[in-house]
Each structure stands twice: as structure tokens, then as C-alpha cells.
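Written below as C-alpha cells is the structure these notes are about.
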Amino acid sequence: MFDELQNDLLLSTSAVAISTAADLPPDDWQAEFLQSPAQQIILNNCRQSGKTTLTAVQAYAQSLLPKSLTLICSPGLRQSTEVLLKINDIEDSLGNPLVKLEDSKLSCVYENGSRIICLPATHTIRGYSAPDLIVIDEAAWVPDVIYGSLRPMQATNADTARIIIMSTPHGKLGFFHDTFVKGKSYDPVTGDGWHKFMVTADDCPRITEEYLARERADTSELMFRQEYYCEFVETEEQVFGTDFIEAAFDTDVETLGYDMTSDLAPLE
């Protein structure tokens with residue numbers, strides 16, 4: 001199969017063609033995700049729906065473009081390592097059409113000058129410039145400050161750069177929740193906004209009804225709804241609900257107009 005598709009893959013960098021040729025035929029929602037023209041994509045998906053494989057396919061498709069830089073950020077080194085292992089599997093399935101000049105557990109450099117770098121969600125991510133693709137995996141567990149460090153990296157190539165954030169929910173706080181719930185939805189005419197995907201266990205043919213019935217019986221209702229049906233529920237360790245906390249704040253209150261740094265002197 002690869003012999004017939006090799007030239008098309010290298011010219012079109014079609015993520016769907018790559019996935020299919022690597023013997024990873026995408027589900028319908030995966031094909032839509034891989035073909036999305038949006039520069040900003042957010043995927044709210046259940047456990048074991050294939051997001052790590054999707055990340056690997058997207059990163060490999062990007063690397064077919066010369067001198068491209070892809071950054072993959074995960075909460076920890078283990079997740080980052082898994083992504084590169086998936087990329088290696090894809091390369092093996094395709095017959096390694098791209099020659100690697102450097103290869104490690106967390107990065108690789110191809111002969112065409114493209115790079116894929118996997119990063120843990122720590123302060124050490126700062127310093128990269130103009131990545132063509134940023135993928136944030138398990139985004140609900142990535143601190144907001146890390147997200148705030150990643151986005152400015154694309155300030156100088158914002159017209160072409162892409163960012164993809166994907167995760168299973170983890171409470172009603174943080175950039176992943178805010179982006180999916182409150183972020184502007186994608187407008188195919190202007191190209192603005194976020195192309196939003198939600199993939200529950202019912203959308204994944206590899207998760208059976210029997211398994212879900214067993215999980216519902218053996219886990220808490222909140223965890224089941226979050227992990228398999230992508231609901232943003234209160235975390236079980238919360239004493240007060242998020243809605244209750246937010247209702248305690250009044251943004252319409254007028255400030256007193258005092259400078260708290262100078263003995264409460266009125267501001268001029």
C-alpha cells in the first residue's frame with residue numbers, strides 16, 4: 001500500500017492518507033478531525049478514544065513539510081514518550097520515507113529539516129520560536145501558566161501556525177474547560193475561532209456496552225460521566241461547587257478608589 005501512496009503522502013501531507021496507509025483507518029470523527037482546516041482545534045474526548053494516535057499522525061503529517069517545527073506538550077515525560085513511540089510505529093508501517101538525522105525519546109530531526117519535540121508541562125518549555133504546530137495532550141492537566149507560555153511562541157507566524165488542544169475533562173476550571181465551554185466556535189468563512197469536537201464512549205466503536213456497564217457499576221457517577229461522556233463535572237475533592245463559588249463574586253461592585261500602597265490615600 002505504501003508504494004502506491006508514497007508520492008501522494010509526501011506531496012499532500014494528508015493526515016487521513018497517512019493514517020490509512022499506516023493501517024490505522026480513522027473513524028468518521030477522526031477523519032473529520034484530521035482534515036479540519038481550522039488553525040485552532042480543541043478535542044474533548046473520552047478515555048481510549050485514540051487521541052495519542054491522532055497526535056502522532058498530525059505530528060508526522062506536519063513533519064513532511066520541510067523545516068517545520070512541531071511541539072507536543074504533555075503533563076509529564078511519560079505521555080511525551082508515548083507520542084514519539086506512536087510516531088515510530090507510523091514510520092515503520094510506512095517504510096520510513098523520511099530519513100532521521102537525530103532521534104531520541106523526546107525529539108527527532110528529519111533530513112528535510114523538520115523537527116518534532118516532545119515537552120513536559122514545566123517552565124523549561126520557554127525558548128522555542130515560531131512552531132508550525134503546537135499540540136497540547138491531556139490539556140486539562142496542563143497548568144494555565146504553561147498554556148500562556150506556549151501561545152506567544154506563534155506570534156510571528158500566526159497566519160499559518162496551528163494549535164491543537166485535547167483532553168478528557170478534569171473539573172470546571174482551567175484553560176481547557178474555558179476554551180471548550182466559552183471559546184468562540186469555528187467560523188469556516190473567516191477561519192476564526194475553535195473547531196470543537198466532543199467524542200464520547202458511544203462514538204468509539206472499540207468501547208463496548210458491556211465494558212461501560214461494568215465501569216458504571218464500579219466507579220463513581222461523577223468519574224464515569226467525566227471519563228466516558230466528556231462532562232465537565234465538579235471534581236470529587238471540591239467542597240463547594242464551581243457555580244457556587246463564581247456566584248459569590250460580583251463584578252459590578254464599584255471600587256473604593258484608594259491606593260492600598262500608600263496608607264489608603266485617595267487616588268487622584
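Tabulated data for the structure shown
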| quantity | calculated |
| --- | --- |
| Sorted by Cβ density within 10 Å, fewest first, the residues 135, 109 | 109, 135 |
| Where trypsin sites (Lys or Arg not before Pro) fall in DSSP loop in the stretch 103-171, at most 12 other Cβ within 10 Å | 105, 126 |
| 30 Å Cα-Cα reach of residue 105 towards lysines, excluding residues that sit fewer than 8 places from it in its own chain | 51, 67, 86 |
| Nitroxide proxy distance, nm - points 7 Å out along Cα→Cβ at residue 206 and residue 111 | 3.2 |
| Stretchable slack from residue 184 to residue 216, in nm (0.36 nm times residue separation minus alpha-carbon distance) | 8.2 nm |
| Chymotrypsin sites (Phe, Trp or Tyr not before Pro) within the stretch 88-197: DSSP coil, no more than 16 neighbouring Cβ in 10 Å | 128 |
| Rounded FRET efficiency, nearest 0.05, which uses the C-beta distance separating residue 32 from residue 192 and R0 of 30 Å | 0.95 |
| Quarter of the Cα convex hull surface for the stretch 2-199, i.e. its orientation-mean projected area (nm²) | 10.5 |
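Computed from the coordinates by the stated procedures, all read-outs in this text should not be read as laboratory data. Please read all numbers here as calculations on a predicted model, not as lab measurements. Cβ sites come from the backbone with ideal geometry, for glycine too, and all protein chains shown count toward neighbours.
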